[in-house]
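Quick notes on the structure that follows.
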Amino acid sequence: MTDSVVETPPFDIEKIRADFPVLKQTVHGKPLMYLDNAATTQKPWAVIDRVHKFDSEEYGTVRRGAYFLSEGATRHFDDARKKVAVLLGTPDPNEIVFTSGTTQAINLVAHSFGKAFIGEGDEIIISNIEHHANTVPWQVVCQERGAVLKVIPVNDLGELILEEYEKLLSSRTKMVAVNHVSNALGTVNPIKEIIAMAHKVGARVLIDGAQSTPHMKLDMKVLDCDFYTFSGHKMYGPSGVGGLYGRMELLKDMPPYVTGGDMIQHVTIEKTTYNQPPSRFEAGTPPITQVIGLGAAVDYLQAVGLEKIAEYENNLLEYGTKLLNDIDSITIIGTAEHKASILSFVSDAIHPHDVVTLLDQDGIACRGGHHCAQPTMQRFQVPATTRASVSFYNKYEELDALAESLKKAIKLFS
Ligand code: PLP
């Protein structure tokens, strides 16, 4: 390790790593160093075992059967909703809607809230550093409803310019949709302030929490949040599941997004009445096993402790930032004062796609590309970046290895 100050992890890092079987392997003869956690996270035994036990011993449909397996599965399913509610800081589990992930959760709000509350000439505000999942649905809603899309600009550090945001807000603003943590830059946005400013003009706020839920302690009530989204596969749980926190008074007034079985109160050929939330927004058989796995992932995160996770990951980020800043020809894109877990960078010597291919030869998994955030790339005038994203199972030594491998790659191309 370099002589920079290295804080001792607030937990036994080797014990943590032993919880994640995938980390044990070698790739191209080198120990796997997994630094693509912003794309998807690895699963601990706690999740793998829970899913295996559920599928092999307890599986049944939920909310329908009046028999042993179905009743047990329903109980576990409901428990998972309660666990997510506690994680996000809401006392009402019915404010948690399960979806297939953040993308579907944002689409749900965009289309359902849009249908009920957004009309001709209304305005929706997003930022210049959103994932496409928090951009395209709002573009579509604007096209369909005759609304106008406005964009909060960012400064050269990758921070939202709040003075400009204030100027965009008006009585026509119906929705502000921004991420908590940018997946392309790592910026942590001041969402409490953003929410308060939007509420002053009567607008509602959706926070895309795909990149924040695994990294920090959250409290919807303290944030006074209207909508908050999350993805299971980015928080050490299964893929195919995620969801939405929605303020009950809003969910109650929103029409269904997907219709069919389970979301109804009563159906006749002439007319259907709908269930209360969250069921109104969970048509069809839900991803039962994945929800149970998500519940186990939440238990695991809570047991490690989100405050400890945040503290250690911030130290890793600071350490990695110093290492990359010391390499000639590397420029970090996204240097906000408040960041979480993401190091995005370019080199004038070598394209990100070549970088990640060479890193892979050293067992290092990083992502190269536009990270589904093309407007962010356009703002910083780069076609793509290389992104290393850390988790609490990563070690300082892995960042040393990243820096060494990068130096080698740059030398090869210089
Ligand atoms: N929003 C952000 C900030 C993301 O990083 C991602 C995934 O990378 C998404 C939304 C989409 O999440 P999912 O693919 O799980 O729906």
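Report the calculated FRET efficiency for Q143 and D92 (r = Cβ-Cβ distance, R0 = 30 Å), to the nearest 0.05.
0.30
With a probe of 1.4 Å, find how much accessible area the chain has per residue, and write the answer as a whole number in Å².
41
If one computes the Cα centroid of region 214-249 and of region 190-212, what distance in Å separates the two points?
For region 214-249 versus region 190-212, the Cα centre distance is 14 Å.
For region 48-303, rounded, prolate or oblate, judged on the Cα gyration tensor with a ≥ b ≥ c (square roots of eigenvalues), a/c < 1.5 rounded, else prolate if a/b > b/c?
Here region 48-303 falls in the oblate category.
For the pair K30 and R64, how long in nm is the line joining their label points, each one 7 Å along Cα→Cβ?
The answer from the label model is 4.9 nm.
Given labels modelled 7 Å from the Cα in the Cβ direction, how far is it in nm from H132 to D156?
3.0
Using a basic spin-label model with each label point 7 Å from the Cα along Cα→Cβ, how many nm lie between R172 and A196?
2.8
Give me the extension gain from D79 to L412: residue separation times 0.36 nm, minus the current Cα-Cα distance, reported in nm with one decimal.
Difference between extended and current length: 114.5 nm.
If you average the sequence gap of Cα pairs under 8 Å that are 6 or more apart and divide by the length of the chain, what percent do you get for the contact order?
23
Quick check on region 32-133: take the gyration tensor over C-alpha atoms, sort the square-rooted eigenvalues as a ≥ b ≥ c, and tell me if it's rounded (a/c under 1.5), prolate or oblate. Intermediate values should be presented prior to the final figure.
Working: a/c = 2.70, a/b = 1.42, b/c = 1.90.
Verdict is oblate for region 32-133.
Report in % the part of the accessible area of the chain that belongs to carbon and sulfur, leaving out ligands and nucleic acids; probe 1.4 Å.
So the carbon and sulfur contribution to the accessible surface is 53 percent.
Given +1 on the Cβ of Lys and Arg, -1 on the Cβ of Asp and Glu, and no further charges, what dipole in debye does the chain carry about its Cα centre, rounded to the nearest 20?
Once rounded to the nearest 20, the dipole reads 860 debye.
Mind giving me the FRET efficiency for T331 and W45? R0 is 30 Å, r the Cβ-Cβ distance, nearest 0.05 is fine.
Taking R0 as 30 Å, the efficiency between T331 and W45 is 0.15.
Under 5 Å between amide hydrogens, which residues at least 5 positions from V205 or on another chain qualify, with H placed 1.01 Å from N in the peptide plane?
Placed amide hydrogens put V176, D226, F227 under 5 Å from V205.
Determine the relative contact order of region 55-123: mean sequence separation of Cα pairs under 8 Å and six or more apart, normalised by residue count, in whole percent.
This gives 15 percent for region 55-123.
Is the shape of region 229-302 rounded, prolate or oblate, going by the alpha carbon gyration tensor and its root eigenvalues a ≥ b ≥ c, with a/c under 1.5 for rounded and a/b larger than b/c for prolate?
Prolate, because a/c is 1.5 or more and a/b exceeds b/c.
Got a number for the accessible area of K150? Probe 1.4 Å, square angstrom, nearest 10.
60
Just R280, R63, R172 to compare: in a GNM of the chain, with alpha carbon springs under 10 Å, which one fluctuates most?
R63
Which residues among region 85-105 fall inside the zone where the amide N is under 18 Å from a point 7 Å beyond the Cα of D219, along Cα→Cβ?
Backbone N within reach: 85-93.
The values are calculated or read from the model by the stated rules, or taken from the named source; none is laboratory data. Because the structure is a prediction, the values reported are computed rather than measured. Because the Cβ atoms are built from the backbone with ideal geometry, glycine has one as well, and the counts that use them run over all protein chains shown. Surface areas here come from the heavy atoms of the whole protein model, side chains and all, with no ligands, DNA or RNA. Shrake-Rupley method; radii C 1.70, N 1.55, O 1.52, S 1.80 Å.
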